[in-house]
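*Asks:* So that we are looking at the same thing, I have put the structure below in structure tokens.
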Amino acid sequence: MSEAGKRSPRAVGDARMIRIEALTHVYPGGRRQPPRTALAELTLVVPDGTFAILSGPNGSGKSTLFRILCGLTLPSRGRIWIGGHDLLRNPAAARALMGVVFQSPAVDKHLSVHENLSIHGALYGLSGAALRTRMAEALAWTDLEGRLTDRVETLSGGLARQVELAKCLLTRPRLLLLDEPTTGLDPASRRAFLGALGRLRRDLGMTVLMTSHIFSEAESVDSVAIMAAGQLLAHDTPQSLRARLPGDVVVIETDRPDALAARLREDLGAPVIRHGDDLRVDEAPGGDAVAFLERVLAAYRADVRGITVKQPTLEDVFIHVTAEASVAGRDGAEEQQETAA
């Protein structure tokens with residue numbers, strides 16, 4: 001591959017490929033619905049040449065942020081720079097650096113792989129030898145060799161996603177934005193797709209920002225931004241995020257979560273978090289998770305359906321930081337009420 005194929009020229013020297021400052025977006029209310037804040041004063045930086053995942057549950061605001069970054073939605077207020085270009089004031093220059101893979105498929109399943117790529121290339125003025133060169137570059141990172149004449153509808157979900165990725169690479173973007181691209185893929189296809197993205201980041205120096213609600217997908221990336229209720233709760237490397245939970249996590253399954261949580265807090269001094277119908281203790285009293293488990297079983301065995309001790313994952317970190325944010329929000333609201341009174 002030529003040097004030109006390895007990296008698009010920089011338009012503006014900036015080590016921050018994405019820079020977001022105080023971004024807020026409010027969806028207007030209707031006759032029976034109040035306005036809804038999807039993003040609240042969000043500030044985020046994604047360095048050039050890194051692979052970042054924006055994670056959080058449905059309704060966290062990550063899809064709204066994605067639409068704003070792609071230029072499909074204008075924010076209520078705030079500023080965004082892409083490769084040094086102001087996205088809101090100079091959108092054409094910012095979008096010229098991007099390749100986008102949406103959650104919904106954007107290929108024609110009735111056409112072949114080659115036909116899909118050719119049509120997309122033609123939209124950008126590519127034809128002849130130039131198109132063939134770009135197509136070879138774009139396909140080098142995929143498993144589509146020998147499948148160019150196959151209709152997309154005959155491919156597996158993972159290979160069809162690779163066609164979409166190859167389409168984006170035809171324009172040699174510096175920034176690749178992906179909105180939950182592994183939705184509907186089986187575990188093997190998901191791993192293969194994520195592996196391809198990792199190779200692109202390493203070999204092309206490309207910046208990758210991907211939204212996902214599957215926390216296991218974020219274990220091997222450069223950084224993870226955790227969102228909930230329109231706010232950025234944490235942004236760090238996976239290792240640093242897991243280090244926020246220094247010990248093992250205890251997960252308790254019970255049919256009486258509220259009653260058992262109250263007893264664990266009162267009797268054992270345990271900082272219990274309820275997540276669904278499960279109870280979680282991220283920091284066992286005394287720092288010994290196994291000893292805490294034994295105390296729980298000795299005193300409350302009749303209320304316990306199952307109990308597990310495990311090392312923390314990114315999903316555990318998410319549950320922990322969202323619980324902290326919820327407590328902080330309640331404390332702030334109570335303080336405001338007391339001040340008003």
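Each value in this text was obtained by applying a stated rule to the coordinates, not by laboratory testing. Only a predicted model underlies this, so the values are computations on that prediction, with no experimental measurement involved. Note that we place each Cβ from the backbone using ideal geometry, even for glycine, and neighbour counts take in every protein chain shown.
*Asks:* I'd like the orientation of helix 257-268 relative to the chain: the angle between its Cα long axis and the longest Cα principal axis, in ° from 0 to 90, rounded to 10.
*Replies:* The angle comes out near 60 degrees.
*Asks:* Work out the charge dipole of the chain with +1 on the Cβ of Lys and Arg and -1 on the Cβ of Asp and Glu about the Cα centre, then indicate which of Asn90, Val221, Thr211 is farthest towards its positive end.
*Replies:* It is Asn90.
*Asks:* Classify the stretch 42-133 as rounded, prolate or oblate, taking a ≥ b ≥ c as the square roots of the eigenvalues of its Cα gyration tensor: rounded when a/c is under 1.5, otherwise prolate if a/b is larger than b/c and oblate if not.
*Replies:* The shape class here is prolate.
*Asks:* Just for the stretch 170-236, what percent of DSSP beta bridges are antiparallel, to the closest 5?
*Replies:* Around 50 percent antiparallel, to the nearest 5.
*Asks:* Going by how many other Cβ atoms sit within 10 Å of their own, how do Ile252, Ile273 line up, fewest first?
*Replies:* Lowest count first: Ile273, Ile252.
*Asks:* Next question. So how tilted is helix 113-123 from the main axis of the chain? Cα-based, degrees 0 to 90, rounded to 10.
*Replies:* Once rounded, one gets 80 degrees.
*Asks:* Have a look at the DSSP beta bridges in the stretch 3-241 and tell me what percent are antiparallel, nearest 5.
*Replies:* The antiparallel proportion sits near 55 percent.
*Asks:* For the chain, what is the relative contact order in percent, using Cα pairs closer than 8 Å and at least 6 residues apart in sequence?
*Replies:* 18
*Asks:* Where does the stretch 179-266 land on the Kirkwood hydrodynamic radius, alpha-carbon pairs, in angstrom?
*Replies:* After inverting the mean inverse Cα-Cα distance, the result is 16.0 Å.
*Asks:* Follow-up. Return the equivalent ellipsoid semi-axes of the stretch 235-277 as a descending list in whole Å, where each equals the square root of 5 times an eigenvalue of the C-alpha gyration tensor.
*Replies:* 26, 12, 8
*Asks:* Counting pairwise Cα distances across the stretch 82-123, what percent come out greater than 14 angstrom?
*Replies:* Beyond 14 Å sits 62 percent of the P(r) for the stretch 82-123.
*Asks:* I've got another one for you. Evaluate Rg over Rh across the chain, taking Cα atoms for both radii and Kirkwood's formula for Rh.
*Replies:* Rg/Rh for the chain comes to 1.05.
*Asks:* Alpha carbon centre of the stretch 33-100 versus the stretch 183-208: separation in Å?
*Replies:* Cα centroid to Cα centroid, the span is 21 Å.
*Asks:* Could you tell me what percent of the DSSP beta bridges with both partners in the stretch 109-254 are antiparallel, to the nearest 5?
*Replies:* Roughly 55 percent of the beta bridges in the stretch 109-254 run antiparallel, per DSSP.
*Asks:* At q = 0.09 Å⁻¹, what is the base-10 log of I(q)/I(0) for the stretch 119-223 according to the Debye formula with one equal point scatterer per Cα and no solvent? Please give it to two decimals.
*Replies:* -0.23
*Asks:* Listing Leu260, Leu42 from the residue with the fewest other Cβ atoms within 10 Å to the one with the most, what is the order? It would help to have the intermediate numbers written out before the result.
*Replies:* Working: Leu260 19, Leu42 23.
Going from sparsest to densest Cβ surroundings: Leu260, Leu42.
*Asks:* Could you tell me the extents of the stretch 159-200's C-alpha atoms along the three principal axes, largest first, rounded to whole Å?
*Replies:* Between the extreme Cα coordinates on each principal axis of the stretch 159-200 lie 28, 17, 16 Å.
*Asks:* By count of other Cβ within 10 Å, fewest leading, how are His320, His213 ordered? Don't skip to the answer; put the middle values down first.
*Replies:* Working: His320 24, His213 15.
Fewest-to-most ranking of His320, His213: His213, His320.
*Asks:* Tell me which residues come under 5 Å, amide H to amide H, from Arg79 once H is placed; ignore anything under 5 positions away on its chain.
*Replies:* Long-range HN contacts for Arg79: Glu21, Leu23.
*Asks:* Kindly provide the helix-only [θ] at 222 nm of the chain, computed as the sum of -39,500 (n - 2.57) over DSSP H runs of four or more divided by all residues, to the nearest 500 deg cm²/dmol? Mind dumping the intermediate values first?
*Replies:* On the way: 11 runs with 127 residues, N = 341.
Dividing the helical sum by the residues of the chain leaves -11500 deg cm²/dmol.
*Asks:* Continuing with the same structure: Could you give me D for the stretch 199-319, from Stokes-Einstein at 10 °C and 1.306 mPa s, where the hydrodynamic radius is the Kirkwood radius over C-alpha pairs? Units µm² s⁻¹, please.
*Replies:* 99
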